[in-house]
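What follows is a short report on a single structure.
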Amino acid sequence: MQFFDQLNREIHLEKTPKRIISLVPSQTELLVDLGLEDSIIGITKFCVHPVSLKKQKALVGGTKTIHIDKIKALQPDIILCNKEENTKEIVSICEQIAPIHISDIYTIQDTLSLIDQYGNIFSKQNKASKLIEEINFKLNDFQSFIKDKKTLNVVYFIWKNPWMAVGNNNFINHLLEINNLENVYADKPRYPEVNITKLANVNVILLSSEPYPFKEKHIKELQEFHPNTKIVLVDGEFFSWYGTRLLKAFDYFKSMRKKL
């Protein structure tokens, strides 16, 4: 059987994979929602949804570092990666063990394409179609909700020391746009370093819960420089986890937007 991943790489499989290693947390969650939990044999330490999974599956490292011997010993039929979250070195090493699927996600449409690809690869086409339909329904409903909401200028911080914000050409920026939140760093590449004392024309500062775990104390730190700017903590999973996390994301966005 021949398939293609999101980098248009050919994947050759003799049969439907039954032993899956996922090196991407959001993709692990997607596999479970596709009904493939029993086929997952290895995950990363960051694969926290569903919470029970880490007790049941082999942990093969993180998204940037892996235990190659553990992966080899598990004898996977396929290893699932992501262009941004996993390194070229990891992909190169894993290619010597099993076929590799690489996702490349910038938009919701990319997510729907990934779900469709997984449906075909893992013989879960009907479930994949239902998930795509549900996400589209949630998206259309949210677009009706958001269309009359005022556009706000925002900065979305993902890191501290150095302070780093979200720029363009990534999934988080795409979701900000859908929320009628205009990213003031949308003209910068991907994740620029930012001088927190010089944030001009910003209505709202968003502090993500991941990858840096921003807390209330960081709101106070920023408020010293920007006393008149609204600063809020946001759940980073809803902004950066693609896949079936979107089924919950739009309800979260509604609640968040009402508070802004």
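List of remarks:
- Evaluation of residue 170 against the conditions (1) farther than 18 Å from residue 241 by Cβ; (2) surrounded by 14 or more Cβ atoms within 10 Å (Cβ to Cβ); (3) not β-branched (Val, Ile, Thr) shows that the sole unmet condition is (1).
- Residues of the range 217-245 classified as touching a Ser or Thr at 6+ places or on another chain (Cβ under 9 Å) and closer than 30 Å to residue 33 by Cα, total: 12
- In the range 103-135, of all residues being closer than 28 Å to residue 87 by Cβ and of a type in the set (S, T, N, Q), the one that is farthest from the chain's Cα centre (by Cα) corresponds to 120.
- Unique match (being aliphatic (A, V, I, L, M), surrounded by 15 or more Cβ atoms within 10 Å (Cβ to Cβ) and closer than 23 Å to residue 112 by Cα) among 206, 176: 176
- If you go through the range 56-70 and keep only what is outside any loop (DSSP other than H, G, I, E, B) and touching a residue at least 40 places away in the same chain (Cβ under 8 Å), you end up with just 66.
- Of all residues in the range 108-126, those that are surrounded by fewer than 20 Cβ atoms within 10 Å (Cβ to Cβ), touching a Leu at 6+ places or on another chain (Cβ under 9 Å) and not in a helix (DSSP H, G or I) total 0.
- Any pair with Cβ under 9 angstrom, 6 or more apart, that starts in the range 24-51 at a residue that is without any contact (Cβ under 8 Å) to a residue 24 or more places away in the chain and over 17 Å from residue 111 (Cβ atoms) and ends at one that is surrounded by fewer than 22 Cβ atoms within 10 Å (Cβ to Cβ) and among the small types (Gly, Ala, Ser): 43/58; 44/61; 44/62; 45/61; 45/62; 46/62
- Number of the condition not met by residue 169 [criteria: (1) within 25 Å of residue 139 (Cα to Cα); (2) at pLDDT 95 or above]: (2)
- Taking helices (runs of 4 or more DSSP H) as the structural unit, those lying wholly within the range 155-260 and holding at least 1 residues that are among the β-branched types (Val, Ile, Thr) and touching a residue at least 12 places away in the same chain (Cβ under 8 Å) correspond to 171-178, 216-223.
- Hits in the range 127-152 - residues which are crowded, with 16+ Cβ neighbours inside 10 Å and either closer than 30 Å to residue 198 by Cβ or not aliphatic (A, V, I, L, M) (or both): 127, 138, 142, 146, 152
The rows are residues; the columns are (1) surrounded by fewer than 18 Cβ atoms within 10 Å (Cβ to Cβ); (2) under 19 Å from the mean Cα position of the chain (by Cα); (3) assigned to a helix (DSSP H, G or I); (4) at positive phi.
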{"position": "6", "(1), (2), (3), (4)": "yes, yes, no, no"}
{"position": "18", "(1), (2), (3), (4)": "yes, no, no, no"}
{"position": "38", "(1), (2), (3), (4)": "yes, no, yes, no"}
{"position": "41", "(1), (2), (3), (4)": "no, no, no, no"}
{"position": "47", "(1), (2), (3), (4)": "no, yes, no, no"}
{"position": "54", "(1), (2), (3), (4)": "yes, yes, yes, no"}
{"position": "72", "(1), (2), (3), (4)": "yes, no, yes, no"}
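The values are calculated or read from the model by the stated rules, or taken from the named source; none is laboratory data. Every value quoted in this text rests on a predicted model; they were computed, and no experiment measured them. Counting neighbours? That spans all protein chains shown, and the Cβs are built from the backbone with ideal geometry, glycine included.
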